[in-house]
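Single-structure report; data block below.
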């Protein structure tokens with residue numbers, strides 16, 4: 001089930017739910033749609049220094065406990081993808097993650113320890129961040145243009161923040177964004193972050209892991 005503007009309005013009747021849109025001055029009709037849409041609680045339209053700069057601006061505007069990021073073209077999978085977050089038993093966790101739906105199939109999560117090898121174990125759009133618990137650490141490094149989501153997770157993992165897997169599909173992920181294509185910049189950011197967060201030994205392990213994976 002794709003969540004529509006109408007279903008988001010229905011969710012907002014029952015949950016403390018806010019909808020924040022950050023736009024870097026789009027040159028299509030996005031700005032008109034943002035300004036006309038009544039379900040948007042806050043929006044910011046101004047130039048930014050890349051997607052992670054825009055996400056940091058969203059964090060600063062957020063007032064609720066949990067933060068979830070959706071890029072243009074991505075959608076929340078169903079009403080259940082949001083409603084379960086109101087379970088107070090989950091408040092003790094810093095990060096909650098689940099599955100995403102992409103290319104007509106559910107993408108399972110992988111082992112969290114794969115972060116040490118430069119791999120993102122789950123989809124960025126399927127992560128809920130406990131904003132209050134992560135205060136002071138919850139910000140993207142604007143140096144990264146492609147691997148900022150991985151770098152944030154690596155930093156939080158290194159600091160032993162608590163992470164909880166949930167058996168729900170959180171997002172329908174469109175894919176083919178900035179991180180889809182392999183590039184020199186993408187590989188540099190990946191291994192730079194591994195080295196920065198986990199040291200030279202893990203950088204070597206990450207490179208060996210990549211070589212073994214390519215040779216399978």
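The values are calculated or read from the model by the stated rules, or taken from the named source; none is laboratory data. Predicted, not measured: the structure shown is a model, and the values here were computed from it. Neighbour counts are summed over all protein chains in view; Cβ atoms, including those assigned to glycine, are modelled from backbone coordinates with ideal geometry.
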Restricting to region 100-129, name every residue that is over 13 Å from residue 173 (Cβ atoms), in a helix (DSSP H, G or I) and in contact (Cβ under 8 Å) with a residue 40 or more places away in the chain. 112, 115, 116, 117
Residues that are out of contact with any strand residue (DSSP E or B) (no Cβ under 7 Å at 6 or more places or on another chain), surrounded by 12 or more Cβ atoms within 10 Å (Cβ to Cβ) and either farther than 25 Å from residue 197 by Cβ or modelled with pLDDT of 90 or more (or both), drawn from region 163-184: 174
For region 53-85, how many residues meet the condition of being closer than 21 Å to residue 138 by Cα, in a helix (DSSP H, G or I) and modelled with pLDDT under 90? 2
Could you check region 82-103 and list, in sequence order, the residues that are exposed (fewer than 12 other Cβ atoms within 10 Å of the Cβ) and closer than 20 Å to residue 120 by Cα? 103
Quick one: is residue 48 within 16 Å of the chain's Cα centre (by Cα) and either modelled with pLDDT of 90 or more or on the phi > 0 side of the Ramachandran plot (or both)? no
Please pick out the residue among 157, 195 that is touching a strand residue (DSSP E or B) at 6+ places or on another chain (Cβ under 8 Å), in a helix (DSSP H, G or I) and at pLDDT 95 or above. 157
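Tell me, which residue of region 144-161 that is touching a residue at least 24 places away in the same chain (Cβ under 8 Å) and out of contact with any helix residue (DSSP H, G or I) (no Cβ under 8 Å at 6 or more places or on another chain) is nearest to residue 199 (Cα to Cα)?
156
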Would it be correct to say that residue 90 is outside any loop (DSSP other than H, G, I, E, B) and either under 19 Å from residue 151 (Cβ atoms) or under 14 Å from the mean Cα position of the chain (by Cα) (or both)? no
Inside region 73-93, the number of residues satisfying the requirement of being out of contact with any helix residue (DSSP H, G or I) (no Cβ under 7 Å at 6 or more places or on another chain), farther than 17 Å from residue 17 by Cα and touching a residue at least 60 places away in the same chain (Cβ under 8 Å) is 3
Does residue 9 fit the bill of being surrounded by 10 or more Cβ atoms within 10 Å (Cβ to Cβ), in contact with a strand residue (DSSP E or B) (Cβ under 7 Å, 6 or more places away or on another chain) and at pLDDT below 85? no
